[in-house]
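Visitor: The structure that follows is given in the form of structure tokens.
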Amino acid sequence: MGRQPKSEADKVHDRIAVLRADRGVSRKELADAVGVHPQTIGYVERGEYSPSLALALRIARFFGLPVEAVFSLDPLPSLSQELLRRTS
Amino acid sequence: MSISPEQTYLARTFDDGRYAWARSRQVRHLAVVAQAVLLAALVACTVLAAMTDDGWSTWFLVVWTAGMVAFIPLHSVLNLGIRGVFDRSDRSLDEHQRRQHEQSLGATVWPSLALHLAAWCAAVAVVALTGHVTPALCLGFLLWFAGWILPSWNLAWTAPDEPADADFC
């Protein structure tokens, strides 16, 4: 089971909102696919809930990405920054 | 096998979008305060009734009945505000809701136990001091009820506002 982060350092960062926008997936569609309620996806996106390993893996599998591309212990750079870094 | 929480009839009611107004932090706090005030008022009335010669009088019966009836809508609002996490089937809870359930139970375990003990002690004390059994049972019930409802109050008070449903298409 996941948990509420106790401090900023304890937070799990994620790219779920960006990936949802990119794929045109609503919270409800993602929630149904990974077996949670839509508000739980919202709490994960807002960093107010750190998902369990099983949920993190299911979310990563839904987007067809490795889990470290979706979740990180460090703040994730924006996708545009990453693109810029790779093309420059 | 499905990994999704089971959508029981009760769970569907608690998740119904028509009751989103009850899930705001302000409404949840109001519901907790209203229930606590009502419970405290009923405890005070019960103690007053126990100190009278009759013990069980008409005014106490009216106050007690009105208080119990008033609890129904108040508890409904509170339950809708926390999506019935303590009342619905475990199978209908997802991992975040189970976490909320466990956290609030854990946070209130000692105060709840203290209230349950106080319920027993208060009922015995009322009978010993006044000889009135009915107000003693009422007081015991109220304190036991306060201990039982404490985790719901804790969750309703501490839960953050839910994420906006703007992109629930």
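The values are calculated or read from the model by the stated rules, or taken from the named source; none is laboratory data. The structure displayed is predicted, hence computed values, not measured ones. Here Cβ is always computed from backbone atoms with ideal geometry, including for glycine, and neighbour counts include all displayed protein chains.
Visitor: In the range A:55-73, which residues are surrounded by fewer than 21 Cβ atoms within 10 Å (Cβ to Cβ) and at the interface with chain B (Cβ under 8 Å from one of its Cβ atoms)?
Guide: Selection gives A:R58 alone.
Visitor: Continuing with the same structure: Kindly indicate whether any position in the range A:6-18 is free of Cβ contacts under 8 Å to residues at least 24 places away in the same chain, under 27 Å from B:I82 (Cα atoms) and not in a loop (DSSP other than H, G, I, E, B). Lay out the reasoning, then the answer.
Guide: Applying the first criterion (free of Cβ contacts under 8 Å to residues at least 24 places away in the same chain) to the range A:6-18 yields A:6-9.
With the extra rule that they be under 27 Å from B:I82 (Cα atoms), the set shrinks to A:6-8.
Among the residues that remain, those that are also not in a loop (DSSP other than H, G, I, E, B) are: A:8.
Scanning the range A:6-18 turns up at least one residue that is free of Cβ contacts under 8 Å to residues at least 24 places away in the same chain, under 27 Å from B:I82 (Cα atoms) and not in a loop (DSSP other than H, G, I, E, B).
Visitor: Of all residues in the range B:123-168, count the ones that are within 14 Å of chain A (Cβ to nearest Cβ), surrounded by fewer than 19 Cβ atoms within 10 Å (Cβ to Cβ) and free of Cβ contacts under 8 Å to residues at least 12 places away in the same chain.
Guide: Final tally of qualifying residues: 4.
Visitor: To continue, here is another question. Go through the range A:47-72 and give me each residue that's in a loop (DSSP other than H, G, I, E, B) and in contact (Cβ under 8 Å) with a residue 24 or more places away in the chain.
Guide: A:G47, A:E48, A:Y49, A:P51, A:S52, A:L65
Visitor: Quickly run through the range A:18-49 and pick out the residues that are farther than 18 Å from B:S4 by Cβ and more than 9 Å from chain B (Cβ to nearest Cβ).
Guide: Matches in the range A:18-49: A:V18, A:L19, A:D22, A:R23, A:G24, A:G47.
Visitor: Checking A:P75 against (1) under 12 Å from the mean Cα position of the chain (by Cα); (2) not hydrophobic (A, V, I, L, M, F, W, C); (3) not in a loop (DSSP other than H, G, I, E, B), which test does it fail?
Guide: (3)
Visitor: Determine which member of the set B:A22, B:A49, B:A11, B:A41 is surrounded by 12 or more Cβ atoms within 10 Å (Cβ to Cβ), closer than 26 Å to B:S92 by Cα, at pLDDT 90 or above and out of contact with any strand residue (DSSP E or B) (no Cβ under 9 Å at 6 or more places or on another chain).
Guide: B:A22
Visitor: Mind listing whichever residues of the range B:71-85 are over 15 Å from B:H29 (Cα atoms), surrounded by fewer than 19 Cβ atoms within 10 Å (Cβ to Cβ) and in contact with a helix residue (DSSP H, G or I) (Cβ under 8 Å, 6 or more places away or on another chain)?
Guide: The answer is B:F71, and nothing else.
Visitor: May I ask you to say which residue of B:D90, B:D94 is touching a His at 6+ places or on another chain (Cβ under 8 Å), acidic (D, E) and closer than 24 Å to A:A54 by Cβ?
Guide: Criteria check complete, one pass: B:D94.
Visitor: Hey, any hits in the range A:19-28 for a residue that's polar (S, T, N, Q), surrounded by 14 or more Cβ atoms within 10 Å (Cβ to Cβ) and in contact (Cβ under 8 Å) with a residue 60 or more places away in the chain?
Guide: So far as the range A:19-28 goes, no, none of its residues is polar (S, T, N, Q), surrounded by 14 or more Cβ atoms within 10 Å (Cβ to Cβ) and in contact (Cβ under 8 Å) with a residue 60 or more places away in the chain.
Visitor: Say we look at the range A:1-60 and pick out the residues that are acidic (D, E) and out of contact with any Ser or Thr (no Cβ under 9 Å at 6 or more places or on another chain); which of these is nearest to A:L73 (Cα to Cα)?
Guide: Restricting attention to the range A:1-60, the residues satisfying the condition of being acidic (D, E) are A:8, A:10, A:14, A:22, A:29, A:32, A:45, A:48.
From what is left, the residues that are out of contact with any Ser or Thr (no Cβ under 9 Å at 6 or more places or on another chain) are A:8, A:22, A:29, A:45, A:48.
Numbers: A:E8: 10, A:D22: 22, A:E29: 26, A:E45: 14, A:E48: 14 Å.
Among those residues, the one meeting the criterion is A:E8.
Visitor: Here's another thing I want to ask about it. From the list B:A49, B:A20, B:A70, pick out the single residue that is among the small types (G, A, S), more than 16 Å from B:P151 (Cα to Cα) and in contact with a Phe, Trp or Tyr (Cβ under 9 Å, 6 or more places away or on another chain).
Guide: B:A49
Visitor: Further question: Out of B:L113, B:L78, I need the residue that is out of contact with any Leu (no Cβ under 8 Å at 6 or more places or on another chain), farther than 23 Å from B:G17 by Cβ and not hydroxyl-bearing (S, T, Y). Which one?
Guide: Matching residue, one of B:L113, B:L78: B:L113.
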